[in-house]
Amino acid sequence: MTSPGNSAILQQTAALYRRRRLVDRLMTGVMVVAVIVAVVPLFFILFYLLKEGIPGLSLDLFTQEPNRPGKEGGGVHNALVGSGIMVGLALLIGVPIAVGTGIFLSEYGQNRAGSFIRFFIEVMAGIPSITIGLFVYSLIVANQSGLLPVMGHFTAFAGALALAILLVPIVARITEEMLLLVPRSLREASYALGAPRWRTVLRIVLPTALPGIITGIMLGLSRIAGEAAALLFTALGNQFFSTDINAPMDSIPRRIYVYALGPYDYWHEQAWAMSLILVATILIISLVVRALFGSRVTVRS
């Protein structure tokens, strides 16, 4: 037989269990609703991009240059190539600086200098892209000193520099976080074998955190690939095909901006098609990178 005291305890335990189960289900429901609220707009955006962008896709869009305003047809070959050149150059400029900064903050930045640099990077991450564009405009485009050949006029190099500045704080902070996640035991094992600190960082810590760093680079790429404001003040744009980084150069975000505000229906169709191309390119690159590095962690001896 169950005593009155034990019966009361069992009742209290059952009531507590029911309350916890109710709270658990309630919180699970709230999280499901939050996920739906976050994901549904993304699906609507993708659906609308496909709906509006597919009709504007054609072979001419990829292979021809823009026609004069008012004449239907033409393509955006110059903008596609220009975006590729400027984004690629921005990665070449920004990624080494960002990764090096992240390594310094992770391995050597536990001091006042590291705190200052970390705060400075956080401030940089919050600066609007149009402000970065104005800064590079003043530094490169409007600078008539002639110290460098790229100064004094609109250039693709100035556009790439603006994109690189936007890239650095994103990649630097993610690199630092990924390096801090590497177990300290790996560092200690390398030190125990007599490896100096710099070799430990380059041969053990950095390869271990490589998948996360590459993910950070992809996030930075996604950010700069669609920037138009910074390029309006630096690369300006070009109606013709050009691969000269010391001259104005067209880009997909800038061309989308011009066509979206234009008065012609075929411009609007091409703007939607370019938006679809931009999103699809970033998605494909992200999937390829994730397939290559997402589940691979390599430690080199």
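The values are calculated or read from the model by the stated rules, or taken from the named source; none is laboratory data. Just so we're clear, the structure is a prediction, and the values are computed from it rather than from any experiment. FYI the Cβ positions are ideal-geometry reconstructions off the backbone, even for glycines, and counts take in every protein chain you see.
The residue that is surrounded by the fewest Cβ atoms within 10 Å (Cβ to Cβ), among those in segment 97-154 that are farther than 24 Å from GLY212 by Cα and either among the hydroxyl-bearing types (Ser, Thr, Tyr) or outside the structural domain of PRO169 (by TED's automatic domain parsing) (or both), is SER145.
Among the conditions (1) part of a helix (DSSP H, G or I); (2) crowded, with 17+ Cβ neighbours inside 10 Å; (3) under 17 Å from the mean Cα position of the chain (by Cα), the only one that GLU227 does not satisfy is (1). GLY84 meets the conditions (1) crowded, with 17+ Cβ neighbours inside 10 Å; (2) closer than 23 Å to GLY226 by Cβ in every case but one. The failed one is (1). Evaluating MET218 against the criteria (1) more than 19 Å from GLU107 (Cβ to Cβ); (2) in a loop (DSSP other than H, G, I, E, B) leaves one unmet condition, (2).
Of the helices (runs of 4 or more DSSP H) lying entirely inside segment 153-212, those carrying at least 3 residues that are modelled with pLDDT of 95 or more are 156-180.
Within segment 102-114, one or more residues are within 18 Å of the chain's Cα centre (by Cα) and assigned to a helix (DSSP H, G or I).
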